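The values are calculated or read from the model by the stated rules, or taken from the named source; none is laboratory data. Since the structure is predicted, the reported quantities are computational estimates derived from the model, not experimental observations. Positions of Cβ are generated from backbone atoms using ideal geometry, with glycine treated the same way; all protein chains shown enter the neighbour counts. Ligands, DNA and RNA are stripped out before the accessible areas are found, and what is left, the full protein with its side chains, is counted by its heavy atoms. Shrake-Rupley method; radii C 1.70, N 1.55, O 1.52, S 1.80 Å.
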Amino acid sequence: VQLQASGGGLVQAGGSLRLSCAASGLAFSSYDMGWFRQAPGKEREFVAAISWSGGVTYYADSVKGRFAISRDNAKNTVYLQMNGLKPEDTALYYCAATYRRRTPVVGTSAYNYWGQGTLVTVSS
């Protein structure tokens, strides 16, 4: 299984980025997907999750209303659209996969597969 995250970069506060995560080696449409992030010196934290069908999404309170998670099962890809970026959003962003459940989960331990991370830096 491979999860390849991309789309990170340097952006000014208030700007936007779109992260992508291309999956291979798994039945993508049977997996819930999540985005997590880890800032320097901090623990990895939940950002957003989407169900296998795309019908259910969850967000951390800190990104609600600014970020949007989506997926394209035909392309085996999950996205994270990030708008209104703030310096505190600076982190390494990871995508992750877990076999589908009744509802998506937010805990890092529930996810079986992880991508390598893409760096997002927001300048003030």
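Just reorder 20, 29 by solvent-accessible area, largest first, 1.4 Å probe, all chains present.
On the way: 20 30, 29 55 Å².
Most to least solvent-accessible, the answer reads 29, 20.
Trypsin sites (Lys or Arg not before Pro) within region 33-124: which are DSSP loop residues with at most 16 other Cβ atoms inside 10 Å?
Those satisfying the criteria are 42, 44, 64, 66, 75, 100, 101, 102.
Quick check: Cα centre of region 70-100 to Cα centre of region 42-67, how many Å?
Value for the Cα centre distance between the two parts: 8 Å.
Averaged per residue, what accessible area in Å² does the chain show with a 1.4 Å probe, protein chains only?
Working: 6160 Å² over 124 residues.
Per-residue accessible area for the chain comes out at 50 Å².
How big is the charge dipole of the chain about its Cα centre, in debye rounded to the nearest 20, if each Lys and Arg gets +1 on its Cβ and each Asp and Glu gets -1 on its Cβ?
For the chain, the charge dipole is close to 200 debye.
Could you tell me what a quarter of the Cα convex hull surface of region 1-97 works out to, in nm² with one decimal place? Present the calculation step by step, with values, prior to reporting the outcome.
On the way: hull surface 23.6 nm².
Mean projected area of the Cα convex hull: 5.9 nm².
Defining a contact as two alpha carbons under 8 Å apart and six or more residues distant in sequence, what relative contact order in percent does the chain show?
36 percent
Residue by residue through region 69-85, what is 3J(HN,Hα) from phi via Karplus (6.51 cos²θ - 1.76 cosθ + 1.60, θ = phi - 60°)? Round to whole Hz and write x for glycine and proline.
Once θ is set to phi - 60°, the couplings for region 69-85 become 9, 8, 8, 10, 5, 5, 9, 6, 9, 10, 10, 9, 8, 10, 10, x, 5 Hz.
For the chain, which whole percent of the accessible surface, found with a 1.4 angstrom probe, sits on carbon and sulfur atoms? If you can, show how the numbers build up before the last one.
Numbers: 2900 of 6160 Å².
So the carbon and sulfur contribution to the accessible surface is 47 percent.
Applying the Karplus parametrisation 6.51 cos²θ - 1.76 cosθ + 1.60 with θ = phi - 60° to the phi angles of region 39-47, what ³J(HN,Hα) value in whole Hz is obtained for each residue in order, glycine and proline being reported as x?
Karplus values, whole Hz, x for Gly and Pro: 8, x, x, 10, 7, 5, 10, 5, 10.
Within region 43-124, report the GluC sites (Glu not before Pro) that DSSP leaves as loop and that have at most 11 other Cβ atoms within 10 Å. Don't jump to the answer; show the numbers that get you there.
On the way: sites: 43, 45, 88; in loops: 43.
Loop-located and lightly packed - 43.
Where in region 17-77 are there chymotrypsin sites (Phe, Trp or Tyr not before Pro) that are in a DSSP coil and have at most 10 other Cβ atoms within 10 angstrom of their Cβ? Numbers along the way, then the final one.
Numbers: sites: 28, 31, 35, 36, 46, 52, 58, 59, 67; in loops: 52.
Loop-located and lightly packed - none at all.
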